[in-house]
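The values are calculated or read from the model by the stated rules, or taken from the named source; none is laboratory data. Predicted model only: the values in this text are computed from it and were never measured. All Cβ positions, even for glycine, are placed from backbone atoms using ideal geometry, and neighbour counts span all protein chains on display.
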Amino acid sequence: MNNRIPYIDFAAGIMILWMIIYHALGQVWQYELMPYWGITDLSLIPETIRTKVLITPEGEFGCLNPCILFPYLHFFMPWFFYKSGQFFKKQSFNELIKKDYKKLLKTFIFWSLIGYICFLVFGLITESISLRSASYSVVRMLFLWGCVPLNYSLWFLLTLFFVRTIANLLLPLLSDKKSYIRISMICLGGYLLTLFLFQYNHRLIPLWVVNTISGLVFFTLGYALSKYERRWFLILISFILYISCLFVGFPMVDMKYNIQLSGSYWLWMPISLCCIIAFNAFCRFISRYIIILSKPIEILGCYAMPIYVTHRIVMAFVYFFIVEYFKIPISSNVLLLLILVAFGIFIPPLCLFMKTKWYKKIVC
């Protein structure tokens, strides 16, 4: 950890904390809305949970995305792609594939397998699994979503692998005097293509196609702006736009599904970029001048990847045994507390497990 950059770890720690709360809230809201699933008449839903209801364009009842009510770090997934781009260096195709296979694909395969095994075990326990749901449905989800049941968050690893591979082919060397032309074409082309796919939004287009394109845009921006994001005028403009959004609202898009959650879709990418620059500037300031605050979160940020790949498994266990198996009648607040406590208990040893030689031998 001697070569780590403090403000990046601090930023990653904040983002991973926000993501844990974000996913925990989503799971709890799903539990809270279970009795009303399928209802399209909002008047039949209690006032206490009506703000968490989403009616889709097809008239279906669903759960409102948690970031609608907590929009301040809505750019957390674009930030992870941007951060990866900041440290990207072009290399030979074979070297990149070999490196990313070990770091991304083997981790994706291992933890997807763990998630799938848990899915099968839970299904066998409750006798709710069939041959179709254990085979065809899983393969279809893998193809269309880029993930398997229970460990849905692993889509990011597969998408990042695609993004890095494409970036290695398309991105120019920054030392090239005309590199800005190709970088501008990649960003503009990706931006327009995501707009088109958002409008078209065909259900048979795999999600990883869309989020690979949007991920490539943020990755390219991180690659291009890594040496320029500290310019005072960029930071000033970014903070002004970020603060303005606090009052008028953030344009938000669920990056995995390419679904518009609020605001204008065409503003999502530029506003997210400004938020990322402002957020990084804030993290640099805190990690440099308020070390007592940043240090604990920096430690958490060092384990961002282990937390990311394991937190869904922990949450799935808590939800299955409390809600689906034992059917314990508890409030949504208690369920949220239990999920957060489970994270605190089980994620640290899982992170340590991922540092062991045995794990590294198998996965890395």
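All but one of (1) outside any loop (DSSP other than H, G, I, E, B); (2) exposed (fewer than 12 other Cβ atoms within 10 Å of the Cβ) hold for residue 351; which doesn't?
Of everything listed in (1) outside any loop (DSSP other than H, G, I, E, B); (2) exposed (fewer than 12 other Cβ atoms within 10 Å of the Cβ), residue 351 misses just condition (2).
Among the residues of segment 255-270, are any of a type in the set (Lys, Arg) and either in a helix (DSSP H, G or I) or touching a strand residue (DSSP E or B) at 6+ places or on another chain (Cβ under 9 Å) (or both)?
no
Every residue, every condition in (1) at pLDDT 70 or above; (2) more than 21 Å from residue 299 (Cβ to Cβ), yes or no:
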position	(1), (2)
14	yes, no
25	yes, yes
30	yes, yes
37	no, yes
68	yes, yes
74	yes, yes
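Taking only segment 242-254 into account, find how many residues are part of a loop (DSSP other than H, G, I, E, B) and touching a residue at least 24 places away in the same chain (Cβ under 8 Å).
Matching residues across segment 242-254 total 2.
Please identify the pairs in which a residue from segment 200-224 that is farther than 17 Å from residue 155 by Cα has its Cβ atom under 6 Å from the Cβ atom of a residue that is among the polar types (S, T, N, Q) and modelled with pLDDT of 95 or more, counting only partners at least 6 apart or on another chain.
222/86
Does residue 223 count as in a helix (DSSP H, G or I), in contact with a Phe, Trp or Tyr (Cβ under 8 Å, 6 or more places away or on another chain) and aromatic (Phe, Trp, Tyr)?
yes
Yes/no per residue for (1) part of a loop (DSSP other than H, G, I, E, B); (2) surrounded by fewer than 18 Cβ atoms within 10 Å (Cβ to Cβ); (3) at pLDDT 95 or above:
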site: 84; (1), (2), (3): no, no, yes
site: 94; (1), (2), (3): no, yes, no
site: 102; (1), (2), (3): no, yes, no
site: 109; (1), (2), (3): no, yes, yes
site: 119; (1), (2), (3): no, no, yes
site: 128; (1), (2), (3): yes, yes, no
site: 157; (1), (2), (3): no, no, yes
site: 165; (1), (2), (3): no, yes, yes
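Within the set of pairs 6 or more residues apart or between chains, which connect a residue that is touching a residue at least 40 places away in the same chain (Cβ under 8 Å) inside segment 94-109 to a residue that is basic (Lys, Arg) and part of a helix (DSSP H, G or I) with Cβ atoms less than 9 Å apart?
96/164; 100/164; 104/164
Enumerate the pairs (first residue in segment 316-332 and free of Cβ contacts under 8 Å to residues at least 60 places away in the same chain; second residue anywhere and polar (S, T, N, Q) and surrounded by 19 or more Cβ atoms within 10 Å (Cβ to Cβ)) with beta-carbon separation below 9 Å, excluding pairs fewer than 6 apart on the same chain, so at least 6 apart or on different chains.
Correct list of pairs: 318/27.
Restricting to segment 167-211, what's the tally of residues that are β-branched (Val, Ile, Thr), farther than 20 Å from residue 140 by Cα and touching a helix residue (DSSP H, G or I) at 6+ places or on another chain (Cβ under 6 Å)?
Matching residues across segment 167-211 total 3.
Going by the conditions given, is residue 101 more than 23 Å from residue 316 (Cα to Cα) and over 17 Å from the mean Cα position of the chain (by Cα)?
So residue 101 passes the test.
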